[in-house]
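Visitor: Let me begin by handing over the structure; questions about it come next.
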Amino acid sequence: MFRYYNFAEMFKPEDGIMYLRKSRADDPLLSVGELLEKHEIDIDSWCERNIGGKIAQSDRYYEVVSGEKISERFEFQKVLKEIENPRKKFIACYDVSRLSRGDLEDAGKLIKLLRYTSTYVITTCPQYVYDLSDADDREKFERELKQGNMYLEYFKKISNNGRLLSVSQGWYICSQPPYGFNRIKVMDGKRERPTLEENKEQADVVRLIFDLYVNKNMGRINICHYLDSLKIPAPRGKQWSHHSIKDMLANIHYIGKVKWQEKKTVMLVEDGNIRASTRKSKMGDYLIFEGKHDAIISQELFYAAQDKIGRNHRAKPNTKVRNPLAGLIFCQCGRAMSLRTYKNKDGSMRNVPRLLCDGQVYCKTSSALYEEMLDLVRNILQEEIENIKLHIESDDGNSVKLHQQLINNLEKKLKNLQEKELSQWEQQSHPDPAQRMPPEIFKRLNERLIAEKEETQQAIKSAYETMPESIDYAERYERFKVALETLNNPDANPELQNILLKRCIDRITYSREKAERVKSQQERYYDKEQKKTRYRSPLKTGGNWTSNPIELDVKLRV
Ligand SMILES: [Zn+2]
């Protein structure tokens, strides 16, 4: 639909509010200030061309600290208050997604608010004026918001990969530096990268703590008292706590390393509100990489402390993941399957590596050749990639739409039937008996109608049950492809292979019947010399074990 607006008649500069916000999808090389300024110039020039002047400085809102949800964006909350003022007629912004990139609930609230306050939204990229009392505009607006949301979801996934890449190169990506360091930025080619630098004063305290713990044999609580008595300020709170000492003693940043710990976002419901909370994955479940920063504690001292703590053995570099399948394959008995290598005393390989249940002595499940399992996992990924390709080619997004159409039609039909039933009853209760149907005919018609209604209800129910899942196949395709390519790359880091695999596969349950020694078939023959019936074995072919088929129960990630 095309509408012609005479903007100069509709709006005056004082009717408007300008809202500026940098979103995560914007050019990361531009600072917030630079980006907002760029958008501001765009909007100013639109206003000058169309409504004869710029929006007043006091009506401009700059969101500098930006959250995804409206409740986290304080400047925008002021804007929402401001549009309740009837003199304000429009919000000018760069594009629709500046207003909301949150979830559908946020979007719904926003649309209602704009609609009932009769507030127009003017965007400069693309140039458009949204009149939310108009159904077409509302639909367009909603669509843009949703796309923004989908884009954000996608962006989150990608940027997570980017973060992992940064950490694997040794950069320190968290916002807070560990005690003992300052967080600084250094140039890496043309890019600014975050890393750590010794904070002399704090680093001395760290060295003191390690020395007290390892060399002076002081316990953690006594260390706290000692530091407090020296009036050394604690990292948090008034006094030193033995928890923070414990964390510090195991902090691998002190030996010049960085770590990657995948955080899982969990949705929590609190007082009827949904809140996202990040929960750390289980203790020790992280990757360690060589950092770009200098160590402030020697490795010997650090590992001596680890030995004393008697835990955290995973932090030692020699227990790095060397098996890309680690944590993915479980035996039918429920235990994990581990890689087992067989070496001679001189270090040469005695036997090919195998994957073995951790409790094989109890469950007796046969092991598998490691190479064979890798091949099976490659096949699983390859098969799923083919499967995803089929979905993309057959445009399953479309099939979801068609299915929804079918449900809509059925629901319309059901509504018609219900109306028909009502009118039949109305007719049958007509005050003039001559207008009524003969009772048997009414009964028959009514029964047919009820049967048809039930049939339709059944059809709706089964249509809902068979509704195809709506999956972002493009994203899935990328994810599986990257995992397979990395697994096929002999130079790839096994830890990275492992992480990428875990993004595709939840769990593989392995079962295989217990191998048995093949009993050599004894054959009976007649020994002419001895004149006796005797038994002999056929020629031996080495260890004769049955090789039962491997069965895998695979649970892929959605
Ligand atoms: Zn087992």
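Visitor: What number comes out for the charge environment of SER241, summing +1 per Lys or Arg and -1 per Asp or Glu over other residues with Cβ under 13 Å away?
Guide: Local net charge: +2.
Visitor: Separate question: For segment 163-239, what does the alpha-carbon gyration tensor say about shape, rounded, prolate or oblate, given a ≥ b ≥ c as the root eigenvalues, a/c under 1.5 as rounded, and a/b over b/c as prolate?
Guide: prolate
Visitor: Skipping prolines and chain starts, which residues have an amide H placed within reach, meaning under 5 Å, of the one on LYS257, given they are 5 or more residues away or on another chain?
Guide: Amide H neighbours of LYS257, under 5 Å, 5+ apart: GLY291.
Visitor: Place the peptides 14-21, 112-119 in order of packing, highest mean first, counting for every residue the other Cβ atoms within 10 Å and averaging per peptide.
Guide: Details: 14-21: 21.2, 112-119: 16.4.
In decreasing order of mean packing, 14-21, 112-119 become 14-21, 112-119.
Visitor: What's the extension gain from ARG138 to SER462 if we count 0.36 nm per residue and subtract their Cα-Cα distance?
Guide: Details: separation 324, 0.36 × 324 = 116.64 nm, distance 3.24 nm.
Fully extending the segment from ARG138 to SER462 adds 113.4 nm.
Visitor: Now, a different point. How would you rank VAL352, VAL129, going from fewest to most other Cβ atoms within 10 Å of each one's own Cβ?
Guide: Result, fewest neighbours first: VAL352, VAL129.
Visitor: Sorted by packing (mean other beta-carbon atoms within 10 Å per residue), highest first, where do 490-500, 453-463 land?
Guide: So the peptides 490-500, 453-463, ranked by packing, come out 490-500, 453-463.
Visitor: Going down the list LYS292/LYS502; LYS54/LYS89; LYS190/LYS292; LYS140/LYS413; LYS257/LYS308; LYS420/LYS461, which pairs span over 23 Å between their C-alpha atoms?
Guide: Numbers: LYS292/LYS502 27 Å; LYS54/LYS89 15 Å; LYS190/LYS292 17 Å; LYS140/LYS413 29 Å; LYS257/LYS308 20 Å; LYS420/LYS461 21 Å.
Listed pairs above 23 Å: LYS292/LYS502; LYS140/LYS413.
Visitor: Still on this structure, I have one more. Step by step: find N for segment 54-111, compute 2.2 N^0.38 Å, then divide the Cα radius of gyration by it. What's the final number?
Guide: Numbers: Rg = 11.5 Å, N = 58, 2.2 N^0.38 = 10.3 Å.
This ratio for segment 54-111 stands at 1.11.
Visitor: Could you work out the local net charge near LEU410, counting Lys and Arg as +1, Asp and Glu as -1, over the other residues with Cβ closer than 11 Å to its Cβ? List each step's numbers first, then the result.
Guide: On the way: positive: LYS412, LYS413, LYS415, LYS461; negative: GLU411, GLU455.
Net charge in that neighbourhood comes out at +2.
Visitor: Just rank HIS293, HIS225, fewest to most, by other beta-carbon atoms within 10 angstrom.
Guide: Details: HIS293 21, HIS225 14.
The fewest-first ordering by Cβ neighbours comes to HIS225, HIS293.
Visitor: Taking a ≥ b ≥ c as the square roots of the Cα gyration tensor eigenvalues, with a/c under 1.5 meaning rounded and otherwise prolate when a/b beats b/c, else oblate, which class fits segment 341-396?
Guide: Oblate shape, in that a/c is at least 1.5 and b/c is the bigger or equal ratio.
Visitor: Another one. Using a cut-off of 15 Å between beta-carbons, work out the net charge of the residues near GLY219 (Lys and Arg +1, Asp and Glu -1, GLY219 not included). Walk me through the intermediate numbers first.
Guide: Details: positive: LYS216, ARG220, LYS246, LYS308; negative: ASP211, ASP228.
Net local charge, GLY219 excluded: +2.
Visitor: Still on this structure, I have one more. Within 10 Å of each residue's Cβ, count the other Cβ atoms and sort LYS531, LYS38 from fewest upward.
Guide: With the sparsest Cβ surroundings first, the list reads LYS531, LYS38.
Every read-out reported here was derived from the displayed coordinates using simple, explicitly stated rules and does not represent laboratory data. All values derive from a computational prediction rather than experimental measurement. FYI the Cβ positions are ideal-geometry reconstructions off the backbone, even for glycines, and counts take in every protein chain you see.
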